[in-house]
Amino acid sequence: MIEQLDALLAQLDALQERALRELEAINSLAELEDWDVRYLGRHRGELKNFSTLIPKLGKAERPVIGQKINAVKEKLESALEARRQELRDRELREALERERLDVTLPGRALPAGHMHPISRTILEVARIFTRMGFQVVQGPEVETDYYNFQALNIPVDHPARDMQDTFWVVPGEILLRTQTSPMQIRVMQATRPPVRVIVPGKVFRHEAIDASHEAMFHQIEGLLVDERCTMADLKGSLARFAREMFGEDRRVRFRGSYFPFTEPSAEVDIDCILCKGSGCRLCKYSGWLEILGSGMVHPRVLREVGYDPRKYRGYAFGMGVERIAMLKYAIGEIRLFSGNDLRFLRQF
Amino acid sequence: MRVPLSWLKEYVEITQSPQELAHTLTMAGLEVETLDYIGADWGDLIITAQITHLEKVPGSDHLSYTRINTGSGEIGVICGAPNIKEGDKVPLALPGARIGDLTIGVARKMGYVSEGMLCSPRELGLGSDHSGIYILDPETPLGVKLADLLSDVVLEFAIKAHRGDLSSIIGIAREVAALTHKPLRLPEPRFNEQGQPAAELVKVTVEDRELCPRYSARVISGVKIGPSPDWMARRLLMAGMRPINLIVDITNYVMLEVGQPLHAFDYDLVREHHIIVRRSRDGEEITTLDGVPRRLRNDMLLITDPQGPTAIAGVMGSAISEVNEGTTRILLESANFKPASIRRTAVALGLRTESSSRFEKGLDPELTIFGANRAAQLMAELAGGQVHPGIVDVYPQPVEARSILFSPAEVEWLTGLKVTSRQVHEALSALEFKVEEVSAAADAAGGEQLLRVTIPTFRGDIEEGADLVEEVLRMIGYDQLPATVPEGPLPEPQGDHWFEREYEIREILIGLGLHEILTYAMTSRQRMLNLLAEVNAQTAQVLLQKPADDGQAGWVIASAQERAGSEDDLASDGRKPFDARSLPAVTIANPLSNELECMRLTLLSGLMETLQENSKRNRAGLRLFEIGRRYLPRGAGELPEERRCAGLALCGPAAISWVPELARPADFYDLKGIVETLLERLHIRRYRFSAAQHPTFHPGRCAVLEVGRPGMDNGERFTPVGFLGEVHPLVQQRYDLPHRAYLCELDLETLYAAVPERLNYAPISRHQELTRDLAVVVDQQVPARAVQEAIERHGGELLRTVALFDVYTGTPIPPGKKSLTYTLLYQARDRTLTDAEANALQERIVAALGEEFGAVLRS
Ligand SMILES: [Zn+2]
């Protein structure tokens, strides 16, 4: 009986050794399940086969062999569980590896548009002045001679008309506005002081088109009328504009000029944004860049709209948007703005 | 206006450098545009020299061999110019000197050695004369660098339109004197008068005293016509005028010097020696000095004699009484003409002259005598003329110097610059204003200091206080202005919101991947007609369409009713060849070119042209938009209607991309999706798209967008906003586009009328939602919108949303049919909906679809 017992124990040891060896070689969860059935299966598993021998053993031998079977079973089960975990981890790792992306491929970007530099510049200027209490208004682009010229103290046969060659619709009566200034008149006629408006818009000049001249371009007009404003306020407002638009350290310079609808009139320069005033090609070695024309609203213009020039004072200014944008973005040619080349537009 | 510094210095002492002077003047409003340095490139090797010996070179018909005294030695020079003789002083370029691109060297020619070159005025940059060597003044010292003797700086000014007094060297000198606190030295014309008095020699009749306030005439006899002296010719050249002959040069010289245009007639050619100043008669003609015959209008002022016109007053003379080689007696005109008349005449004739440009800015009538006398003096001194006694001066209403009461406080009131009465006094006096203090009590102006300022007659631009403030500011300096912040009250909100609205649209479209473009508002009728697949009177009408604002769905043709003539054209046979000119548009009377002859009626042609331009160099597709106006003509004499619009254009794939969805060429639904997103962003919920016909678009791929507004009787009225569609293949070909293009034009004014004024929040229901899918099969022709509307109608209040998620044709769907699959979401606001309720609704919808469209459930 002893021999039989020893033989059984030896068989169980051999079984365990064989099972563990096979387990070691298993590489998939499917094989693992086969192995599980083969050794630990409840019905035909090899270990089960030993259990069926137990009743045939003697009383003293039964617990020995039972313990041995349990020990082998535990050993195999824990080995199985460990192996299963190992294989699961590996399979996940492999699955993740298979899903690796080339993260350097371009993304599915939604197409992005760009604002035209003129619109962008107008917006920027408008924001600066709305922060100073100005409101934005617009006006007709096809205008009358009265609003574009006469009401602005530019009567018929006035030589100042030479400064602004005109596209006529009805000669002498209806024209494409040569400036945004006619809105000064329209705004003042429609309201009473205080007035603070800026007027962005298209203007037209009968000029041959070249690198620095356009037949259609954009202006921004500014107008402030109340009972206290002075030319010093004009200078302060424009200095603030220049700093916000062109940089904190910008200086402005006023010099005498002539516009029929302002008196006194001033041309406004900023120190050159490129050379900071030491002289370069951009500023024609003067150190200064002309950015706009301005002045105090002419008493004749105030009287024309029924404002008493002894009571009300006002300032007005007008700037070329293309000019401002060219300085701001270092653009050398005005024609680029109407050229609509996407290689240009995409940069803004 | 070109002002040689050496000439300017005759009237005022100048201690500043040319740059400093230019700066001073520029700051005071006399902008110096350029500084032209004459002789800057002459160097040290061009010197003065004298011809001591001259011999013809044997065997040459024009070359001479000269011996030249250089002041320190003698050299030989070969010269080909015809005008030199022994004793002449000349500019000599020594070996090594540079004349333009040429470097002078030692040359051997025909047996002689030439050690330099004699120079002409043109070679020296002194003007255009190249007919001979520049003969220097006989007093010129020898061996001196020419640059030391003749170099100069010319200041070039742009004279502003209101300051006729600055169109002269003396006018500029007066400003320099005032700004630099130096005295002005005016020439004092002195000459002897002898012979018969002018009044006996010439008669002047001014018929039109309004256009000719003053006419002064002198007579000078015994003049010799010849070339001008070197100094005068050089000054004319540097000032930009061409020397002609001594007499004409003197009139030009005096015009440049004092600003008074003059005209010299040959006295003996003025018939009956009678000058008549009158307006032209209709149809009269004159051939001006430039040889051009000109037909005159009856508002033009003429200088005539009893037999006809001899000059266009203030503009140009004619050959009839022109000074010529045989002239000995001069009738000198020094007159004043009304600025507006001169300007009108010059503009009408397209003839702008030195004279007309001065008159049109306004000149001082007091200047005529000074100008005439200065010219008479020069004619006596330089041309050997005899000045006859007296001036024939027709001056019925002498100008009076005006004066205005001015308070120095006005300067601070208007500019914020604090000035003293004394500063004001000094500034104005320096500019030759007469300033007197007026006792305050006498004028009872609240005790403030007042000045009576008398305005010099040459300052016609000064009219009131603000003008004097500017003069004071110019003298004290604009740079003295303080910078302050406006402290006045802010205005009430005013105006419309179009600026903000247009930027809102911009931002939305940019966010949707469209690039903003900005094209010319001017175009041509032909360029716009290019948008139409077939051009005829009827299809052309779409260019004039605008949304009807009378509440009827549909479009109206802008202003067609008002334009009786064109209405006939448009309504008549649509098949006959269409004349582009009959398309009503805002026409530019003086266009830059035929391509820019009118204002645009649509944004679409600009978009198509931009697609065309960019598609040549762009492999990726194009997505563009423009925000701008259409200009719809109204009645004659009225301003056009300017309608704010947005135009959209897609062509080709959104991007060059490895992502198929992005690389796919744009189609109709891309464009429609963009428009729908725009509507969503604007919170416009009531709108509809319907199939439409439009001559720009593919007949089966065009829609009209209408937005709804609550109408009368609780109904809804829809107003069209614009069309969108696939560009007709014929139109696409015309613009040479590589892909199908998609266009849309929206009327922003109509669009914004549909934007809700305020947004109302609807509480979110907490009750359960029930979802049901619905797949129906209908005929291909049934529009999806109709099915969707029927579902919504029959679903009623409990149907919260309907979304189409599948459109399918092909097996097993029978040919000619399509399957539409929706997901429907049922929910009640106030209770939990039961399955039975939802199922009942679903059945009702299915039944209704069956009835309306013959729809069957997809099995
Ligand atoms: Zn610079």
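A quick yes/no check of all residues on (1) open to solvent by 40 Å² or more (accessible area, probe 1.4 Å); (2) out of contact with any Pro (no Cβ under 9 Å at 6 or more places or on another chain); (3) closer than 30 Å to residue B:460 by Cβ; (4) in a loop (DSSP other than H, G, I, E, B):
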{"position": "B:113", "(1), (2), (3), (4)": "yes, yes, no, no"}
{"position": "B:134", "(1), (2), (3), (4)": "no, no, no, yes"}
{"position": "B:171", "(1), (2), (3), (4)": "no, yes, yes, no"}
{"position": "B:189", "(1), (2), (3), (4)": "no, yes, yes, yes"}
{"position": "B:195", "(1), (2), (3), (4)": "yes, no, no, yes"}
{"position": "B:208", "(1), (2), (3), (4)": "no, yes, yes, yes"}
{"position": "B:211", "(1), (2), (3), (4)": "no, yes, yes, yes"}
{"position": "B:217", "(1), (2), (3), (4)": "no, yes, yes, no"}
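What strands (runs of 3 or more DSSP E) lie completely within the range B:750-859 and have 1 or more residues being β-branched (Val, Ile, Thr), more than 60 Å from the chain's Cα centre (by Cα) and modelled with pLDDT of 95 or more? Before the answer, list the steps.
On the way: elements: B:770-779, B:799-808, B:817-826.
So the answer is B:770-779, B:817-826.
Could you say whether any residue in the range A:332-347 is polar (S, T, N, Q), more than 10 Å from chain B (Cβ to nearest Cβ), away from the ligand (no atom under 15 Å from the Cβ) and within 33 Å of the chain's Cα centre (by Cα)? Yes, some residue in the range A:332-347 is polar (S, T, N, Q), more than 10 Å from chain B (Cβ to nearest Cβ), away from the ligand (no atom under 15 Å from the Cβ) and within 33 Å of the chain's Cα centre (by Cα). Applying the condition of being among the small types (Gly, Ala, Ser) and on the phi > 0 side of the Ramachandran plot to the range A:283-314 and asking which residue is farthest from the ligand (Cβ to nearest atom) yields A:306. If you scan the range A:237-254, which residues turn out to be more than 19 Å from residue B:27 (Cβ to Cβ), open to solvent by less than 10 Å² (accessible area, probe 1.4 Å) and within 8 Å of another protein chain (Cβ to nearest Cβ)? Within the range A:237-254, just A:237 meets the criteria.
Scanning the range A:162-170 turns up one or more residues that are surrounded by 16 or more Cβ atoms within 10 Å (Cβ to Cβ), more than 10 Å from chain B (Cβ to nearest Cβ) and not in a helix (DSSP H, G or I). Quick one: is residue A:106 crowded, with 19+ Cβ neighbours inside 10 Å, on the phi < 0 side of the Ramachandran plot and of a type outside the set (Ser, Thr, Tyr)? So residue A:106 does not fit the description; no.
When residue B:375 is tested against (1) crowded, with 21+ Cβ neighbours inside 10 Å; (2) within 32 Å of the chain's Cα centre (by Cα), exactly one condition is not met: (2). Pairs linking a residue in the range A:295-312 that is closer than 16 Å to residue B:469 by Cα to a residue that is open to solvent by 60 Å² or more (accessible area, probe 1.4 Å) and in a helix (DSSP H, G or I), with Cβ atoms under 7 Å and 6 or more positions apart or on different chains, are A:309/A:303.
Considering B:304, B:345, B:327, the condition of being among the β-branched types (Val, Ile, Thr) and part of a strand (DSSP E or B) is satisfied by B:304 alone. Of all residues in the range A:267-282, those being open to solvent by 20 Å² or more (accessible area, probe 1.4 Å) and either more than 8 Å from the ligand (Cβ to nearest atom) or within 17 Å of residue B:479 (Cβ to Cβ) (or both) number 1.
Every test in (1) within 13 Å of the ligand (Cβ to nearest atom); (2) under 30 Å from residue A:155 (Cβ atoms) is passed by residue A:261 save one, and that test is (1).
With respect to being of a type in the set (Asp, Glu) and open to solvent by 90 Å² or more (accessible area, probe 1.4 Å), residue B:837 falls outside the description. In summary, residue A:136 fulfils each of the numbered conditions (1) modelled with pLDDT of 95 or more; (2) away from every other protein chain (no Cβ under 14 Å) with the single exception of condition (2). Being under 37 Å from the mean Cα position of the chain (by Cα), of a type in the set (Asp, Glu) and within 16 Å of the ligand (Cβ to nearest atom), is that true of even one residue in the range A:207-216? No, because not a single residue in the range A:207-216 is under 37 Å from the mean Cα position of the chain (by Cα), of a type in the set (Asp, Glu) and within 16 Å of the ligand (Cβ to nearest atom). Taking the range A:213-236 as the range and being surrounded by 24 or more Cβ atoms within 10 Å (Cβ to Cβ) and of a type in the set (Val, Ile, Thr) as the test, only A:225 passes. Counting only strands (runs of 3 or more DSSP E) that sit wholly inside the range B:1-104, those with at least 3 residues that are surrounded by fewer than 15 Cβ atoms within 10 Å (Cβ to Cβ) and within 14 Å of chain A (Cβ to nearest Cβ) are B:32-38. Among residues that are open to solvent by 50 Å² or more (accessible area, probe 1.4 Å) and not in a loop (DSSP other than H, G, I, E, B), residue B:320 is included. Counting just the residues of the range A:196-207 that are in contact with a helix residue (DSSP H, G or I) (Cβ under 6 Å, 6 or more places away or on another chain) and at the interface with chain B (Cβ under 8 Å from one of its Cβ atoms), which one comes out nearest to residue A:164 (Cα to Cα)? Looking at the filtered set, the residue picked out is A:200. Restricting to the range B:475-485, and then to whatever is open to solvent by less than 20 Å² (accessible area, probe 1.4 Å) and either at the interface with chain A (Cβ under 7 Å from one of its Cβ atoms) or not in a loop (DSSP other than H, G, I, E, B) (or both), can you tell me which residue is farthest from residue B:417 (Cα to Cα)? Applying the filter and picking the extreme gives B:478. Looking across the range B:587-619, the residues that are part of a loop (DSSP other than H, G, I, E, B) and more than 9 Å from chain A (Cβ to nearest Cβ) come down to B:593, B:597, B:600, B:601, B:602, B:603, B:616, B:619.
To keep it simple, each residue is scored yes or no on (1) in a helix (DSSP H, G or I); (2) open to solvent by 20 Å² or more (accessible area, probe 1.4 Å); (3) closer than 18 Å to residue B:371 by Cα.
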site	(1), (2), (3)
B:236	yes, no, yes
B:254	yes, no, yes
B:272	yes, yes, no
B:277	no, no, no
B:286	no, no, no
B:291	no, yes, no
B:314	no, no, yes
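Within the range B:81-109, residues that are touching a residue at least 24 places away in the same chain (Cβ under 8 Å) have Cβ atoms under 8 Å from residues that are of a type in the set (D, E, K, R) and not in a loop (DSSP other than H, G, I, E, B) in these pairs: B:99/B:123; B:104/B:98, counting only partners at least 6 apart in sequence or on another chain. Looking only at the range A:181-202, residues that are free of Cβ contacts under 8 Å to residues at least 60 places away in the same chain and buried (at least 20 other Cβ atoms within 10 Å of the Cβ) come to 4 in all.
Here residue B:515 meets each of (1) in contact with a helix residue (DSSP H, G or I) (Cβ under 7 Å, 6 or more places away or on another chain); (2) open to solvent by less than 10 Å² (accessible area, probe 1.4 Å) with one exception, condition (2).
Within the range B:620-638, being of a type outside the set (A, V, I, L, M) and part of a strand (DSSP E or B) holds for B:623, B:625, B:626, B:628, B:629, B:630, B:631.
The values are calculated or read from the model by the stated rules, or taken from the named source; none is laboratory data. Everything quoted here is computed from the prediction, not taken from an experiment. Please note: Cβ atoms are built from the backbone with ideal geometry, for glycine as well, and neighbour counts cover all protein chains shown. Protein only, heavy atoms only, side chains kept; ligands, DNA and RNA dropped before computing areas. Shrake-Rupley method; radii C 1.70, N 1.55, O 1.52, S 1.80 Å.
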